[in-house]
Amino acid sequence: LMNPTAIEADPNMPLGSELDVLNDPVEQRAFTRLIEAPGGIKLAESAFLLSGMYCAACAGTIEAALHTVPGVQEAQVNAAGQRARVRWDPALTKASDLVVAVRRAGYDAVPDAAAPAREMRRKERRTALWRLFVASFCAMQVMMFATPSYVAHGSDLAPDLRQLLNWGSWLVSLPVLVFSAGSIFRNAWRSMQARRIGMDVPVSVGLAVTFVASSGATFAPGGVFGHEVYFDSFTMFISFLLAGRFLEMAARHRAAEALEKSLAGMPETAQRLCVDGGVEMVSV
């Protein structure tokens, strides 16, 4: 339990008291969550980091070893990431029994306390990537609609055709406004509610003014907004902004992963001297 990156599986190592700390409810909260199964049964789902795996077949061996533990409902082992997720019944077994089963199979396991944070980063990355994709793809389509207006001279582009292209640009810009830029407007609204001016507030104002003015020029070319539209600038700005934020997020995630690897090298347990002179193993 001292350093999951340096553990070597040893079937002869003691399997007893040093694992009792894993049964501490305070310690379990870091790598275990309670779920409710059909029928109202309370189950625990724990995440572990594994060591000693050298091939994909090892995953099946560990899963089989975990299923021999009474109360284990499901065991999934990721051979590539060397991680395991086990669903078990707290009324029939203990978290330490799961590690004992893995050790007896010739491998080792430690709690994966970073699993919830890693899952949150995965969802954040996936959402950011989808927003960037939608903004970039739509920006390219809008630029395609706007190109005839840039290259046409005089009466080369008929007014009705120009109006049709503007309508197409407006329609393609809607997903960018609602989906890709939705987080920007939500952050700006929360900042205004907190009476703070964050970066997203002026950005949202600029985006809103650009879209409203361009929409007015699209549906009422002779109105107060004139006839010029800026949907291409609108979508490209959001695309570049999201691209920059995606790169920033990727760097932040790499820093978090490096920090988690450093924290994983710290001890999970400590020896505490009791009043009677004895020693007990407790959670750090």
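What the table shows:
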{"quantity": "Residue within the range 99-113 that is of a type in the set (D, E, K, R), more than 25 Å from Ala258 (Cα to Cα), modelled with pLDDT under 80 and over 27 Å from the mean Cα position of the chain (by Cα) present", "calculated": "no"}
{"quantity": "Selection status of Ala251, touching a His at 6+ places or on another chain (Cβ under 7 Å), in a helix (DSSP H, G or I) and either open to solvent by less than 30 Å² (accessible area, probe 1.4 Å) or of a type outside the set (Asp, Glu) (or both)", "calculated": "no"}
{"quantity": "Those residues of the range 176-191 which are surrounded by fewer than 17 Cβ atoms within 10 Å (Cβ to Cβ) and not aromatic (Phe, Trp, Tyr), in sequence order", "calculated": "Val178, Gly182, Ser183, Arg186, Asn187, Arg190, Ser191"}
{"quantity": "Candidate set: the range 223-248, residues that are touching a residue at least 40 places away in the same chain (Cβ under 8 Å) and open to solvent by 40 Å² or more (accessible area, probe 1.4 Å); chosen: the one farthest from Cys138 (Cα to Cα)", "calculated": "Arg245"}
{"quantity": "Among (1) farther than 21 Å from Phe237 by Cα; (2) charged (D, E, K, R); (3) open to solvent by 70 Å² or more (accessible area, probe 1.4 Å) - the single one Arg125 does not satisfy", "calculated": "(1)"}
{"quantity": "Among residues of the range 36-56, those that are open to solvent by less than 70 Å² (accessible area, probe 1.4 Å) and either among the basic types (Lys, Arg) or outside any loop (DSSP other than H, G, I, E, B) (or both), counted", "calculated": "10"}
{"quantity": "So Val284, is it β-branched (Val, Ile, Thr) and within 30 Å of the chain's Cα centre (by Cα)", "calculated": "yes"}
{"quantity": "Elements of type helices (runs of 4 or more DSSP H) contained in the range 141-228, each with 3 or more residues being at pLDDT 85 or above and either over 30 Å from Arg125 (Cα atoms) or touching a Cys at 6+ places or on another chain (Cβ under 6 Å) (or both)", "calculated": "159-175, 200-219"}
{"quantity": "Selection count, the range 257-277, where residues are of a type in the set (Gly, Ala, Ser), part of a loop (DSSP other than H, G, I, E, B) and modelled with pLDDT under 70", "calculated": "1"}
{"quantity": "Test: residue in the range 141-152 that is in contact (Cβ under 8 Å) with a residue 40 or more places away in the chain and either within 32 Å of the chain's Cα centre (by Cα) or within 17 Å of Phe240 (Cα to Cα) (or both)", "calculated": "yes"}
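The values are calculated or read from the model by the stated rules, or taken from the named source; none is laboratory data. Given the structure is predicted, the values throughout are model-derived calculations rather than measurements. For neighbour counting, all protein chains shown are included, and Cβ atoms are generated from backbone atoms with ideal geometry for every residue, glycine included. Heads up: the accessible areas ignore ligands, DNA and RNA and are worked out on the full protein's heavy atoms, side chains in. Shrake-Rupley method; radii C 1.70, N 1.55, O 1.52, S 1.80 Å.
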